[in-house]
Amino acid sequence: MSYSEFTIETLKERFEIEMNEDTNLFSQTSTVPVPKILTELLERYVPLAITISTEKARSEWIIAPILAEFKFQFKEQTSLFSGIDFNIDKTKGLNGYCDYILSKSKEQLTLSAPHRQPMEISQIGQ
């Protein structure tokens, strides 16, 4: 099993996760203005993503610009990885390809958070 094969039911069973849909995870966060360039890019790219109508198109034309802007705004606090193999524990199904990983680490050359053991760039994709 890889990440793409998980369902919410599988996650709940395998990892004994309890879903709480009533909690506002962002109630204590402050708002930041959306940069004009991001608004302009999305106004231009969203119609293309909708026309192409694939998950990959949405990922490239909508999600990537938003994540990139987040990375730019919080560059000293986060790292962003795209299109990497992220193999943590194959026996638990924690393996496979991740479209994006946003990490709470300022290190961009290695992926260390949320993963505990640093992965060198040379290991990513292997």
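Every number here is computed from the coordinates shown, using simple stated rules; none is lab data. Fair warning: this is a prediction, and the values are worked out from it, not measured in the lab. Cβ atoms come from the backbone with ideal geometry, glycine included; neighbour counts cover every protein chain shown.
Relative to the Cα centre, the charge distribution of the range 1-107, modelled as +1 at Lys and Arg Cβ and -1 at Asp and Glu Cβ, gives a dipole magnitude of about 400 debye.
So which lysines can Lys36 reach, going by Cα to Cα under 26 Å and dropping same-chain residues fewer than 8 places off? Here the lysines satisfying the reach criterion relative to Lys36 are Lys56, Lys71, Lys75, Lys104, Lys106. Each of the peptides 50-56, 88-94 was scored by the mean count of other Cβ atoms within 10 Å over its residues; in descending order, highest first, they stand as 88-94, 50-56. Residues in the range 77-82 carry Karplus couplings, in order, of 10, 9, 10, 10, 10, 9 Hz; the curve used is 6.51 cos²θ - 1.76 cosθ + 1.60 with θ = phi - 60°, and Gly or Pro positions show x.
How large is the dipole of the range 1-42 about the Cα centre if only Lys and Arg carry +1 and Asp and Glu carry -1, each at its Cβ, rounded to the nearest 20 debye? Don't skip to the answer; put the middle values down first.
Details: 3 positive and 8 negative charges, 64 e Å.
Computed about the Cα centre, the dipole is about 300 debye.
With volume of the Cα convex hull per residue in Å³ defined as stated, name the option among (1) 100; (2) 157; (3) 111 computed from the structure displayed. Calculated volume of the Cα convex hull per residue in Å³: the matching label is (2). Distant-in-sequence amide contacts of Leu111, defined by a placed amide H-H separation under 5 Å and a gap of 5 or more residues or a different chain, comprise Met119.
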